[in-house]
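All remarks here apply to the structure that follows.
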Amino acid sequence: MTVDSRELLPIDRISVNAQKVVKRLVDSGFEAYVVGGCVRDLLLGKSPKDYDVATNAHPEEVRDLFRNSRLVGRRFRIVHVRFGADIVEVATFRAPHNEAETELHYSEGGMILSDNIYGNFSEDALRRDFTMNALYYQPETETLLDEVGGIEDIKARRIRLIGDPDSRFREDPVRMLRAIRFRAKLGFDIDPDTDRSLRRLGHLLADIPPARLFEETLKLFMNGHGEASFRELVEHDLFGWLFPATRHVLDAEGSTARTLITLALASTDRRVLEDKPVTPAFVLAAFLWHPFLAEMERLASLGMPPAVASHEAATNVIAGQQSIVSLPRRFSGPMREIWQLQSRLPNRQPRKAEATLRHKRFRAAYDFLVLREEAGEDLDGLGAWWTEYQESDPEARAVLAKAAGGSGRRRKRKRRRH
Ligand code: ATP
Ligand code: MG
């Protein structure tokens, strides 16, 4: 269906670079459209964070047309056309796989393994995930193509898989996480059929490589809608397939886990909104804090000295999590440091306090401490003490440290009860 788009999509709102790419392709005799999330976001009055172009030109042909381009990807071979820091992704129309090739391209469970069979525009539309993501726009002629009722669903604020939900989720289970992410980001409802299927098929996420789940986890939690993503993942019984150890402690009586995670994500969302730097290390530290404490307690009960138990517990929790969602060392390292500093913060003898303050992870560890208190842990005003300590001049610091000195041990013992 072709829709008159003049009111819906004023051309001047589409990125100049995406327009250039489409124009060059069309002028060279190919079909080309901007497509997917960017069209959806434009229709919703949001500014797209990136632009995708779909075309009938093959990847090599696209690369030959743009000097500033390169071929990327294996599972999906696409072309990146670069304009300074801005990249326009160009993908060739894809077709469904025919019977003869089915065996080659699907796993036994029905998952797509490779996807480089080219097709026409209509076929390409049917292979996209949600109807709202299958809109094609040609800025030159101001044509908006909608084969699957995407506009109607956007108007109804509805997330609906194209085709049969069960088989579309089986083809690529990550679509379940995408549904949750779009729900969190756009506030749309998930269509009842899609929703039913999603609540049943969470276990399929176990087949997804940890590296891909990590990428998706970042998009869920670090893009400004983390708190809503967490809530929706839990509500749709998907969270446990990503963070099983955390899921396990969420409902434990008296546990502050859920509040701690919610607060960490809310603070991250706020920072994203304010364009402040954020790190997955902090969010992961909150996700895995209670599993870490539980593991530490278990090891201590076996007679392991506290310092060793803490080190081992971090290693074990990270290893368990890695096998599901990979945690690159650049994030798991700082996460460990945030945890390890939690046991140093109660020790406020003058020299120890100064050393802790100078630690490169102090700021994150202090923020984490404050969050733990906000979540309901009783740490005897430790957060407030460190707030005052940081704001004081050296003389006042010495007085503060002296006043608190020697109390580290007593507080530590008290802490262990949590
Ligand atoms: P975002 O705002 O997060 O960028 P998006 O919809 O643009 O959202 P992308 O991951 O950038 O998401 O993908 C671009 C388009 O590619 C989607 O709109 C959709 O049409 C298609 N697509 C992406 N991932 C899948 C998938 N797993 N299955 C089917 N189609 C997909
Ligand atoms: Mg996108």
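The values are calculated or read from the model by the stated rules, or taken from the named source; none is laboratory data. In this text, all values refer to a predicted model and were calculated from it rather than measured experimentally. All Cβ positions, even for glycine, are placed from backbone atoms using ideal geometry, and neighbour counts span all protein chains on display.
A few notes on this one:
- If you filter segment 122-166 down to residues that are aliphatic (A, V, I, L, M) and closer than 16 Å to THR92 by Cα, you find that the one that is nearest to ligand 1 (Cβ to nearest atom) is ALA134.
- Residue satisfying all of: in segment 10-37; assigned to a loop (DSSP other than H, G, I, E, B) and within 16 Å of ligand 2 (Cβ to nearest atom); modelled with the highest pLDDT among these: GLY36
- Pairs with Cβ under 7 Å, 6+ apart, first in segment 199-217 and closer than 11 Å to PHE169 by Cα, second hydrophobic (A, V, I, L, M, F, W, C) and not in a helix (DSSP H, G or I): GLY202/LEU238
- Among the conditions (1) within 16 Å of ligand 2 (Cβ to nearest atom); (2) under 12 Å from VAL35 (Cα atoms), PRO139 misses just one, which is (1).
- For the residues VAL325, VAL317, the requirement of being part of a loop (DSSP other than H, G, I, E, B) and surrounded by 19 or more Cβ atoms within 10 Å (Cβ to Cβ) singles out VAL325.
- Among the numbered conditions (1) in contact (Cβ under 8 Å) with a residue 12 or more places away in the chain; (2) not assigned by TED's automatic domain parsing to the domain that holds ILE208, the only one that GLU373 does not meet is (1).
- Residue count, segment 237-273 (criterion: buried (at least 18 other Cβ atoms within 10 Å of the Cβ) and assigned to a loop (DSSP other than H, G, I, E, B)): 3
Yes/no matrix, rows are residues, columns are (1) within 12 Å of ligand 1 (Cβ to nearest atom); (2) outside any loop (DSSP other than H, G, I, E, B); (3) farther than 21 Å from PRO139 by Cα:
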| site | (1), (2), (3) |
| --- | --- |
| VAL39 | yes, yes, no |
| SER47 | yes, no, no |
| ALA57 | no, no, no |
| VAL62 | no, yes, no |
| ARG74 | no, no, yes |
| ALA91 | yes, yes, no |
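- Subset of segment 153-185 (residues that are in contact with a strand residue (DSSP E or B) (Cβ under 8 Å, 6 or more places away or on another chain) and of a type in the set (Asp, Glu)): ASP153, GLU171, ASP172
- Any hit, segment 279-289, residues being within 18 Å of the chain's Cα centre (by Cα), over 30 Å from LEU186 (Cβ atoms) and part of a helix (DSSP H, G or I): no
- Within the set ARG175, ARG160, ARG200, ARG168, the sole residue that is basic (Lys, Arg), crowded, with 23+ Cβ neighbours inside 10 Å and on the phi < 0 side of the Ramachandran plot turns out to be ARG160.
- Test: residue in segment 154-163 that is of a type in the set (A, V, I, L, M), at pLDDT 95 or above and within 22 Å of the chain's Cα centre (by Cα): yes
- Count of residues meeting criterion [within 14 Å of ligand 1 (Cβ to nearest atom) and assigned to a helix (DSSP H, G or I)] in segment 168-206: 21
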